[in-house]
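Q: Sharing a structure with you now.
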Amino acid sequence: MSALPIAPRQLFYDGQVQSASSGKTFQTVNPSNATVLAEIHVASHADVDAAIAAADRAFHSWSQTPPIIRARILQKAAALLRERNDEIARVEALDSGKAYTETSTVDVVTGADVLEYYANLVGGGGLNGETTQLRQDAWVFTKKAPLGVCAGIGAWNYPIQIALWKSAPCLAAGNTMVYKPSEFTPLHAQTLAEVYREAGLPAGVFNIVYGAGDVGAYLTSHPTIAKVSFTGQVSTGMKVAGSAAGNMKYVTMELGGKSPLIVLPDAELENAIDGAMMANFYSTGQVCTNGTRVFVPTSMKSAFEKRLLEKMQYIRPGHLFDESTNFGPLSSAGHLEKVTAYIRHGIETDKATLLYGGLGKPQVPKELEDGFWVRPTIFTDCTDSMKIVQEEIFGPVMSILSYETVEEAVKRANTTELGLAAGIFTKDLNGAHRIIDQLQAGITWVNTWGESPAEMAVGGWKKSGVGVENGRRGIEAWVKNKSTLVEMSGEVATVFAKL
Ligand code: NDP
């Protein structure tokens, strides 16, 4: 019996929990107080082989199952997730350090929404191809075929949501999956596998392995894997995509960003500030699409900063299950070190003006003092060349940059190798369309920030990624096309006829 608060996690394949053969384990930790939550078993290469073999065995039958039947199973899984929302959200809060007010209203909900969306899409004919009448007696028809066994690799910031955003379209399209969650937030994965099983998903269709990057690397480079769907840092994504491309595997890459949020001179100040706060401090800044470069007109800067400072008091760190808590710790000790190093660099080397926050911990109850807490931080008078402005910090650190003209703001907003998200605040909707059109990002918002519903395809431009997740376009990443030309004239056009 484990003395830890949560039962250990082994592996899950062939429809059941399986023991790992590596003999190695790692621990997952509650980031709010640095206590150990559970012991997780690491998959050996042989274990990964076994999980992939289970997925391979299940593929033929699952891919041949009519979409409407697959849809019914996935709809049932979505309903089970909603029924168990609070219980799953509790574990997500403990594992990720996000406040329960957040995990109970966003993480499971937005995952279940995507599952339901793809179930409905394929159940309603979303996998149908096209028919083209080429001439009177010849037709071309296309068919969408599943890819095979797919690998899913998740980041730690939205654990169950990422697992669902990958597995939902993957399974709906008739593929099978081996999923590796991040070693920092692994607890959701077995629960999801059990929910799928209870909903009627056949054994081997969804499988779980645990471990760090080496397990991910072995899984994604395995010859049986037809597609890799990866969420994580640009540097890791480049390695994984490089290896996958070399073996002609399909890839979807959901990577990092350093997204610009432009407050236009006519913006409603209060809305722009609410948007900028959501774009920097929600989830303690650990959101890939965060708008961390906040461009403000010079004429508005002082009013913007004054009101922003007044509103910073509404950020409330505290116990994860306290109803008033809306700001958790960072996800791990290593990540705290990284974010702290950026804040130190901003103060000491970039020499940006520290408007709020800075080094040290926010005030939290005594029993949380060992947790991975960081202060929400705002730098102003930033310039484009500062490291804190150029690199993804993935923590609650806002950089305010002032500008004179909108053309200048747009140009500077685009001067980055990343292109995940961008957004503007303005009252001029005609102008908004023109500016949005010029911003080099795959996900854009006008007068809001961060909402990412199932219906909206999301994915990065430039080094922020390849392909999209969600929406109608999202299913295309999980199928391959077959085109068939049918000739009905009764004759074959040939050049090899008698002269
Ligand atoms: P990492 O790139 O460090 O890790 C992502 C996943 O890849 C983890 O499961 C990790 O394992 C695994 N991994 C590490 N090395 C390899 C490898 N060589 N081959 C295969 N898998 C490997 O990212 P983080 O977990 O730190 O996540 C934060 C990043 O994710 C941020 O940059 C953020 O912007 C991005 N992100 C992007 C999203 C998007 O939709 N665009 C959404 C959410 C986050 P382990 O961690 O267990 O070692």
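Q: If a residue must be crowded, with 24+ Cβ neighbours inside 10 Å and among the polar types (S, T, N, Q), how many such residues does the range 290-312 contain?
A: Residues flagged as crowded, with 24+ Cβ neighbours inside 10 Å and among the polar types (S, T, N, Q) within the range 290-312 amount to 2.
Q: Of the conditions (1) outside any loop (DSSP other than H, G, I, E, B); (2) within 16 Å of the ligand (Cβ to nearest atom), Phe372 fails just one. Which one is it?
A: All conditions are met except number (1).
Q: From Asp428, Asp381, Asp437, which residue is outside the structural domain of Ala138 (by the TED database), away from the ligand (no atom under 16 Å from the Cβ) and touching a residue at least 60 places away in the same chain (Cβ under 8 Å)?
A: Residue meeting the stated conditions: Asp428.
Q: Here's a follow-up. For the range 243-256, state whether one or more residues are in a helix (DSSP H, G or I) and at pLDDT 95 or above.
A: Checking the range 243-256: not a single residue is in a helix (DSSP H, G or I) and at pLDDT 95 or above.
Q: Out of all the residues in the range 156-207, which are charged (D, E, K, R) and within 17 Å of Ala50 (Cβ to Cβ)?
A: Selection gives Lys180 alone.
Q: Are there any pairs with C-beta distances below 6 angstrom linking a residue in the range 242-264 that is over 14 Å from Ala441 (Cβ atoms) to a residue that is hydroxyl-bearing (Ser, Thr, Tyr) and near the ligand (Cβ under 10 Å from one of its atoms), with the two at least 6 apart or on different chains, and if so which?
A: What qualifies is Ser243/Ser221.
Q: I need the strands (runs of 3 or more DSSP E) fully contained in the range 1-120, keeping only those with at least 1 residues that are touching a Lys or Arg at 6+ places or on another chain (Cβ under 6 Å).
A: Of the strands (runs of 3 or more DSSP E) lying wholly inside the range 1-120, those with at least 1 residues that are touching a Lys or Arg at 6+ places or on another chain (Cβ under 6 Å) span 35-41.
Q: Continuing with the same structure: Could you tell me whether the range 183-205 includes any residue that is in contact with a Gly (Cβ under 7 Å, 6 or more places away or on another chain) and within 25 Å of Ser283 (Cβ to Cβ)?
A: yes
Q: Quick check on my filter: what residues within the range 351-368 are in contact (Cβ under 8 Å) with a residue 12 or more places away in the chain and closer than 26 Å to Ser96 by Cα?
A: Result: Tyr356, Gly357, Gly358, Leu359, Gly360, Lys361, Pro362, Gln363, Val364, Pro365, Glu367, Leu368.
Q: Yes or no: Ala279 of a type outside the set (Ser, Thr, Tyr), in a helix (DSSP H, G or I), more than 25 Å from Gly328 (Cβ to Cβ) and under 20 Å from the mean Cα position of the chain (by Cα)?
A: No, not satisfied.
Q: Restrict the check to the range 416-425 and report whether at least one residue is out of contact with any strand residue (DSSP E or B) (no Cβ under 8 Å at 6 or more places or on another chain) and at pLDDT 95 or above.
A: no
Q: Considering only residues that are over 18 Å from Gly291 (Cα atoms), in contact with a Gly (Cβ under 8 Å, 6 or more places away or on another chain) and hydrophobic (A, V, I, L, M, F, W, C), which ones fall in the range 331-351?
A: Hit for the range 331-351 is Ile347, nothing else.
Q: Which residues, taken from the range 300-322, are in a helix (DSSP H, G or I) and aliphatic (A, V, I, L, M)?
A: Met300, Ala303, Leu308, Leu309, Met312
The values are calculated or read from the model by the stated rules, or taken from the named source; none is laboratory data. It should be emphasised that the depicted structure is a prediction, and the values quoted were computed from it without experimental measurement. Cβ: placed from backbone, ideal geometry, glycine included. Neighbour counts: every protein chain shown.
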